[in-house]
Amino acid sequence: DGRALPAFIGQALRGEDLTVFGDGSQTRSFCFVDDLVEGIYRLLMSDYALPINVGNPDEISLKEFAEEIIKLTGTTQKIVYKPLPVDDPKQRQPDITKAKEILGWEPKVSRAEGLKITYDYFKSLPASELGKLPKEFTSRK
């Protein structure tokens with residue numbers, strides 16, 4: 001779907017070089033889904049009616065993230081750089097101050113631990129499914 005994590009892991013498992021757009025200095029933060037669901041659930045169960053950021057403020061550059069994926073997967077692929085899309089954000093780092101104060105929430109799963117779990121999931125997929133979203137996310141009833 002074009003997101004860094006499934007794209008990088010899918011490319012590594014298919015034996016392809018990892019594609020980074022721009023020089024890789026733009027940052028992202030990754031929050032494991034269990035933590036995200038817990039934060040949303042706590043907001044739902046609270047009396048607070050305004051938006052609250054939930055996410056992981058642990059920020060990493062896309063170049064460093066691609067290097068982490070290469071190390072995790074044990075592949076020998078390289079990072080290839082392509083032009084940065086015009087609308088690509090330079091930084092993504094949520095401010096979770098309100099989540100901590102109001103919901104008593106912050107992420108528990110480290111990026112390394114979440115990546116290992118995610119990589120194990122991707123390894124279990126047939127090669128034809130790598131880089132695709134599971135059917136339950138794409139089929140309409």
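The values are calculated or read from the model by the stated rules, or taken from the named source; none is laboratory data. Fair warning: this is a prediction, and the values are worked out from it, not measured in the lab. Counting neighbours? That spans all protein chains shown, and the Cβs are built from the backbone with ideal geometry, glycine included. Note: areas computed on protein heavy atoms with side chains; ligands, DNA, RNA excluded. Shrake-Rupley method; radii C 1.70, N 1.55, O 1.52, S 1.80 Å.
Structure notes:
- Taking every protein chain into account, the accessible area of the chain amounts to 65 square angstrom per residue (probe 1.4 Å).
- Links that overshoot a 18 Å alpha carbon limit, given the list Lys82/Lys116; Lys71/Lys108; Lys63/Lys90: Lys82/Lys116; Lys71/Lys108
- Loop sites in segment 1-87: trypsin sites (Lys or Arg not before Pro), DSSP, at most 14 other Cβ within 10 Å: Arg3, Arg14, Lys78
- Hull shadow area, averaged, segment 19-95 [alpha-carbon convex hull, nm²]: 6.4 nm²
- Structure remark: mean-square fluctuation, Gaussian network model of the chain, C-alpha springs under 10 Å; the largest value among Gly24, Gly114, Gly74 belongs to Gly74.
- Per-residue ellipticity at 222 nm computed for the chain from its helices equals -11000 deg cm²/dmol, with DSSP H segments shorter than 4 residues left out and the rest contributing -39,500 (n - 2.57).
- Percent accessible area from carbon and sulfur atoms, the chain, protein chains only, probe 1.4 Å: 55 percent
- Cα-based Kirkwood hydrodynamic radius, the chain, one decimal, Å: 16.6 Å
- Cβ-based net charge around Gln91, under 11 Å, with every Lys or Arg adding one and every Asp or Glu removing one: +1
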